[in-house]
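Peer 1: The structure follows.
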Amino acid sequence: MIDQSYLLDRLLDLVKTPSPVGMTEQAVALVDGWLREMGYVPSYTRRGVLSVTVGDGAPRRALAVHLDTLGAMVTELKPNGRLALRNTGTWAARFAEGARVSIFCDGTTHRGTILPLKASGHRFNTEVDTQPADWDNLEIRVDAPLPDRAALVAAGFNVGDMVAIDAQPEVVDGYIVSRHLDDKAGCATLLSLLKAIAEGAIRPAVPFQAMFTIGEEIGIGGTHGFGPEVEELLAIDNAVTAPNQTSRDDAVTIAMRDRQGPFDARMTRQMLAICQRDGIPHERDTFRHYRSDSAAAVEAGWDIRVGLVCFSLDSSHGWERTHIASLTALAQLLAGYVQSDLDAPH
């Protein structure tokens with residue numbers, strides 16, 4: 001029913017396509033093309049959220065993933081010919097050290113590396129190890145002859161230039177290791193569901209919106225774009241695999257609450273019932289330091305029920321890792337969900 005090869009191919013295509021929050025156009029265009037190839041008709045909000053309506057009639061459900069990823073922005077052209085930067089989205093400076101990046105200027109793109117200010121052990125000895133891991137302690141070394149600030153200006157650099165972090169994906173024995181799996185693994189899973197529907201393998205019981213938001217990492221992804229008859233939103237995002245968490249690599253996770261509070265009991269019971277009925281490996285989990293598009297929708301005042309289902313993710317917002325088994329279990333749950341009525345027994 002779900003094409004695993006398609007899912008993995010779309011995931012690798014997506015993580016290799018830069019889409020730091022604030023500059024998501026390339027990834028949106030890629031998804032737009034795939035949707036049109038499947039016969040869907042994409043639409044956009046003024047802010048640029050992409051969605052398609054699936055089924056006949058006005059959508060009464062929404063399934064939401066986010067295309068934006070963590071990134072950075074140039075904050076200073078430095079006298080040494082390097083670039084100061086600041087994170088966009090919440091992620092730790094320690095995971096930025098050593099990253100290969102693209103810097104998007106007004107008319108050109110440059111390559112570079114994020115380095116700590118004291119990067120050479122031959123010069124700074126043990127100070128390399130003792131300097132704090134902090135965004136103020138990082139700079140971008142551009143791969144071009146740029147000895148000073150004047151050279152940066154002449155080359156077209158400006159404060160506010162967007163910085164995209166290389167994903168560097170690798171697939172090993174079913175594991176997918178990469179930056180930006182949050183939430184491009186969710187996007188690829190939703191695309192694989194839409195492919196199965198387009199091919200007639202799955203028939204939705206209720207018309208729904210498939211939404212690809214573009215500002216989740218800064219808290220505004222799910223704030224708008226829902227049809228007026230949408231009654232419930234199911235967000236699709238990552239589950240933390242870490243100490244004191246129940247999420248695991250071979251299962252889908254049904255989130256019971258995030259830092260905002262409990263999810264809709266009716267929806268979570270329905271997710272659990274589908275997993276039990278269809279034999280889908282699953283876990284329940286709670287997240288203390290995490291929110292998703294569903295929280296943004298509630299905070300924006302939408303009168304809709306909300307839930308969250310997740311793929312496994314180790315080292316979230318760092319060097320991330322998931323497994324194809326978790327993505328497959330997530331896809332199976334989504335298939336069961338869209339084939340269930342709004343008032344399905346639970």
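The values are calculated or read from the model by the stated rules, or taken from the named source; none is laboratory data. Note that the structure is predicted; figures quoted are calculated from it, not measured. Positions of Cβ are backbone-derived with ideal geometry, glycine not excepted, and every protein chain shown enters the neighbour counts.
Peer 1: Quickly run through the range 25-47 and pick out the residues that are in contact with a Ser or Thr (Cβ under 9 Å, 6 or more places away or on another chain) and either assigned to a strand (DSSP E or B) or within 16 Å of GLY186 (Cα to Cα) (or both).
Peer 2: Of everything in the range 25-47, those that are in contact with a Ser or Thr (Cβ under 9 Å, 6 or more places away or on another chain) and either assigned to a strand (DSSP E or B) or within 16 Å of GLY186 (Cα to Cα) (or both) turn out to be ALA27, VAL28, LEU30, SER43, TYR44.
Peer 1: Hey, another quick one. Can you pull out the residues in the range 215-230 that are farther than 21 Å from VAL338 by Cα, assigned to a loop (DSSP other than H, G, I, E, B) and either in contact with a helix residue (DSSP H, G or I) (Cβ under 7 Å, 6 or more places away or on another chain) or polar (S, T, N, Q) (or both)?
Peer 2: GLY219, ILE220, GLY221, THR223
Peer 1: Could I ask something else about it? Being at pLDDT below 95 and among the acidic types (Asp, Glu): is that true of ASP278 here?
Peer 2: no
Peer 1: Also, I was wondering about something else. Output yes when any residue across the range 267-285 is surrounded by 15 or more Cβ atoms within 10 Å (Cβ to Cβ), over 24 Å from GLU320 (Cα atoms), without any contact (Cβ under 8 Å) to a residue 60 or more places away in the chain and touching an Asp or Glu at 6+ places or on another chain (Cβ under 7 Å), and no when none is.
Peer 2: yes
Peer 1: Please give the strands (runs of 3 or more DSSP E) falling wholly within the range 231-346 in which 2 or more residues are among the hydrophobic types (A, V, I, L, M, F, W, C) and under 25 Å from LEU11 (Cα atoms).
Peer 2: Passing ranges, in order: 232-240, 252-258, 305-313.
Peer 1: Another question about this same structure. Taking into account only those residues within the range 234-252 that are closer than 9 Å to ASP285 by Cβ and touching a residue at least 60 places away in the same chain (Cβ under 8 Å), which is farthest from the chain's Cα centre (by Cα)?
Peer 2: SER247
Peer 1: For the range 226-265, name all the residues that are more than 25 Å from GLY279 (Cβ to Cβ) and among the aromatic types (Phe, Trp, Tyr).
Peer 2: Scanning the range 226-265 gives a single hit, PHE226.
Peer 1: Hey, can you tell me all the residues within the range 95-151 that are over 16 Å from PRO20 (Cβ atoms) and basic (Lys, Arg)?
Peer 2: Once the filter is applied, which keeps residues that are over 16 Å from PRO20 (Cβ atoms) and basic (Lys, Arg), the range 95-151 yields LYS118, ARG123, ARG141, ARG149.
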